[in-house]
Amino acid sequence: MKDLTIPQEAVLICKKCGFNYLHQERIEIFDRTEDESEGLHIHVEGGKAMIDRDISNNPSARRQGVSIFCICEGCHGVTRFDITQHKGNTYIESSVADISINSPRNESSET
Ligand SMILES: [Zn+2]
């Protein structure tokens, strides 16, 4: 993984097609004490927030993590942006997410 200094402002792009029109449709926040198997999980999607103790999808193996799932206006694919902490470093990583998100805000995904 390489070091990255993000300028004051940057545009995220679709991991699948490279288009830069992304809609944030799901945000998951994972909070826990180091190495704890349980913690706080907040899932925000479709105007609702769900809270539980399941951190099994936490992108961080040992600490806190945030996952932002975006639908691409170009290819309708989902790109996942993970912000994780590990041993004092904070990482940001993007990947193609093989999931479907039903969003009333993304009319073209309702087929
Ligand atoms: Zn795309």
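Quick rundown of the values:
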| quantity | calculated |
| --- | --- |
| Count - residues of the stretch 22-57 that are at positive phi and touching a Pro at 6+ places or on another chain (Cβ under 9 Å) | 2 |
| Selection within the stretch 29-85 - basic (K, R) and assigned to a loop (DSSP other than H, G, I, E, B) | R32, R53, R62, R63 |
| Checklist (1) out of contact with any Phe, Trp or Tyr (no Cβ under 9 Å at 6 or more places or on another chain); (2) within 15 Å of the ligand (Cβ to nearest atom); (3) at pLDDT 95 or above applied to N106, failing item | (3) |
| Residues located in the stretch 75-95, provided they are under 12 Å from K15 (Cβ atoms) and within 16 Å of the ligand (Cβ to nearest atom) | C75, G77, V78, T79, R80, F81, S94, S95 |
| Every residue from the stretch 60-71 that is touching a Gly at 6+ places or on another chain (Cβ under 9 Å) and either within 13 Å of the ligand (Cβ to nearest atom) or aliphatic (A, V, I, L, M) (or both) | I71 |
| Pair list, Cβ under 8 Å, 6 or more apart: the stretch 11-29 residue more than 18 Å from N102 (Cα to Cα), other residue assigned to a loop (DSSP other than H, G, I, E, B) and of a type in the set (V, I, T) | F19/I13; N20/V11; N20/I13 |
| Test set (1) of a type in the set (A, V, I, L, M, F, W, C); (2) away from the ligand (no atom under 16 Å from the Cβ); (3) in contact with a Gly (Cβ under 8 Å, 6 or more places away or on another chain) - C14 fails condition number | (2) |
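Listed here are the residues, each with its yes/no results for (1) loosely packed, with under 10 Cβ neighbours inside 10 Å; (2) hydrophobic (A, V, I, L, M, F, W, C); (3) farther than 18 Å from I83 by Cα.
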| position | (1), (2), (3) |
| --- | --- |
| L4 | yes, yes, no |
| I13 | no, yes, no |
| L22 | no, yes, no |
| F30 | no, yes, no |
| I42 | no, yes, no |
| G46 | no, no, yes |
| R53 | no, no, yes |
| R63 | no, no, no |
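The values are calculated or read from the model by the stated rules, or taken from the named source; none is laboratory data. Given the structure is predicted, the values throughout are model-derived calculations rather than measurements. Using ideal geometry, Cβ is built from the backbone for each residue, glycine included, and neighbour counts are taken over all protein chains shown.
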